[in-house]
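What follows is calculated from the coordinates using simple rules that are stated; it is not laboratory data. None of these values were measured; they are calculated from a predicted model. As a convention, Cβ positions derive from the backbone with ideal geometry for all residues, glycine included, and neighbour counts pool all protein chains shown.
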Amino acid sequence: MKRFAFGLLAALLATTAQAEPMATGDLGLVIERARGSVLLVDQSDRAALARIEGLGDLSHASLVYSPDERFAYVFGRDGGLTKVDIVTRQVVNRVVQAGNAIGGAISDDGKLVAVSNYEPGGVRVFDADTLEMVADIPTGGKTIGLVDAPGRRFVFTGWDNGETWIADFSGPEMELTKIKDMGENPYDALITANGRTYITGLFGEDGLTALDLWDETPEPIRVLPGYGRGQQEMPVYKMPHLEGWAHTGEEFVLPAVGHHEVLWVDAATLTETGRTKTYGQPVFAMARPDGRHVWVNFAHPLNDTIQVIDTVSKQVIHEFKPGPAVLHMEFTPRGHEIWISVRDADKVMVYDTHTFEKLREIDAESPSGIFFTARAHRTGL
């Protein structure tokens, strides 16, 4: 009997020794919006590893990662919250928590996942392990700009009422703080990497509004009020995304609504420092991790083009056309490459960020968002 037991143990140890360990730091997920799937990709090999299906409507989807980078929480347009294991490459849990969702966030300790909803509105918060709901926060309308903040907090804003709410889960009971008069129709928001400054863009008026979250009683701070005054506003074909904001160290670079330009704002004083004319209406303005260049893509019908802006001169230094419907960009963590989803070409394209050379094309079905696991360690992503 002992001989059999030792033989079984030896066989198990041999199997374990032969198993290839899987590290997650080099991986990422690409949203395939048309088929309700995500594509698992490897940065170093510039290759797709697997397709994970059954995630519902991903026509406007985003995701966040657990602190250990193993699990992705995917927020679908249909209100679905799906937990994906990128090691086993499968869906491990899924709940449809609302009728129409618009993104989410994970708490700094990785224990809570929050989802921002259009229908029925408000924010719902879930246990990251079980996906059981732990809080339902109705806001009376569409909720946008949901981000995580240090101290087990979530910050979000109402489109209809122009209020920003802070939900604090650091104690035994959730505490809510409401800040009024943020502006007309806030459409998206961002938070700085240190968790101090929350900025929401306004669709109903020219300008943005900031909050200093280090202040015990944060008050709205108007940023670039009336920045389009005197200019003819153009039709807005796609709302800009502030989550793809650029922070170059000393300045924010923000897409203007209804104008062909990006706006430069001093990060300390929140005053304008410049403007750069662009090819079209910017959607994402994203800084390379070292802050030297900002990459910008554009709304339909000019969404086949990318421009690269030098942050010293504030001038466009490179322009190219990856293909039809460039939707999203993601830098590798140190910024030596950028991955670009080109939806209507069914491709993800990889470029060298210094030479602008195309390095690889990866087949993907209607790709949109690209999310590398390094996001697990950054506030607000």
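Pull out a ≥ b ≥ c, the square roots of the eigenvalues of the alpha-carbon gyration tensor of the chain, then state rounded if a/c is under 1.5, prolate if not and a/b is larger than b/c, and oblate in the remaining case. It comes out oblate by the Cα gyration axes. Region 327-356 and region 174-196 have their alpha-carbon centroids 30 Å apart.
For region 267-365, taking Cα atoms only, Rg and Dmax work out to 13.6, 44 Å respectively. Each Lys and Arg adds +1 at its Cβ and each Asp and Glu adds -1 at its Cβ; summed about the Cα centre, the chain shows a dipole of about 860 debye.
Take the Cβ atoms of Asp160 and Glu250, set R0 to 41 Å, and the FRET efficiency comes out at 0.70. Counting other Cβ atoms within 10 Å as a rough exposure proxy, the listed residues Ile52, Ile191 run Ile52, Ile191 from fewest neighbours to most.
For region 182-188, putting each phi into the Karplus relation 6.51 cos²θ - 1.76 cosθ + 1.60 with θ = phi - 60° gives couplings of 7, x, 8, 6, x, 10, 6 Hz, in residue order, rounded to whole numbers and with x for Gly and Pro. Only helices enter the 222 nm calculation for the chain: every DSSP H run of n ≥ 4 contributes -39,500 (n - 2.57), and dividing by all residues gives -1500 deg cm²/dmol, rounded to 500.
So if each residue of separation counts as 0.36 nm, and I subtract the Cα-Cα distance between Val92 and Asp266, what length gain in nm does that give?
The Val92-Asp266 span can extend by a further 58.3 nm.
The residues Arg77, Arg334, Arg292, when put in order of fewest to most other Cβ atoms within 10 Å, stand as Arg334, Arg292, Arg77. Our coupling estimate for region 43-51, obtained by passing each phi through the Karplus curve with A = 6.51, B = -1.76, C = 1.60 and θ = phi - 60°, is 5, 5, 7, 6, 9, 8, 9, 6, 10 Hz, Gly and Pro reported as x. With R₀ set to 22 Å, the beta-carbon distance separating Arg196 from Leu176 gives a calculated FRET efficiency near 0.65.
Can you compute the charge dipole magnitude of region 235-381 about its Cα centre, using +1 on each Lys and Arg Cβ and -1 on each Asp and Glu Cβ, nothing else charged? Give it in debye, rounded to the nearest 20.
80
Residues considered: Ile362, Ile166, Ile144. Largest GNM mean-square fluctuation over the chain, using C-alpha springs under 10 Å, is found at Ile362.
With axes computed from alpha carbons, what is the tilt in degrees of helix 2-18 against the longest principal axis of the chain, rounded to the nearest 10 within 0 to 90? Result, in degrees: 30. Simple spin-label estimate for Ile317 and Phe356 gives 1.0 nm between the two label positions (7 Å along the Cα-to-Cβ direction from each Cα). Projecting the Cα atoms of Thr157, Gly291, Gly369 onto the charge dipole of the chain, computed from C-beta unit charges around the Cα centre, puts Gly369 farthest toward the positive end. Computed over the chain with a Gaussian network model linking Cα atoms closer than 10 Å, the most mobile of Lys358, Lys347, Lys142 is Lys358.
Between Pro225, Phe71, Asn185, the Cα set farthest toward the positive side of the dipole of the chain (charges on each charged residue's Cβ, about the Cα centre) is that of Phe71.
Compute the length gained on full extension between Ala47 and Leu302: take 0.36 nm times their separation in residues and subtract their Cα-Cα distance, giving the result in nm to one decimal.
89.0 nm
Under 5 Å between amide hydrogens, built in the peptide plane, is the criterion, and for Thr248 it picks out Val253 among residues at least 5 positions away or on other chains.
The charge dipole of region 105-187, taken about its Cα centre with unit charges on the Cβ of Lys, Arg, Asp and Glu (plus for the first two, minus for the last two), comes to roughly 140 debye. If R0 equals 30 Å, the separation of the Cβ atoms of Trp214 and Asp129 corresponds to a calculated FRET efficiency of about 0.45.
Applying the Karplus relation 6.51 cos²θ - 1.76 cosθ + 1.60 with θ = phi - 60° to region 71-88 yields 3J(HN,Hα) values of 10, 10, 10, 9, 9, x, 5, 7, x, x, 10, 10, 9, 10, 9, 7, 7, 7 Hz, where x marks Gly and Pro. Choose one answer from Thr82, Thr311, Thr164: the residue with the largest mean-square fluctuation in a GNM of the chain with alpha-carbon springs under 10 Å. Ranking Thr82, Thr311, Thr164 by mean-square fluctuation puts Thr311 first.
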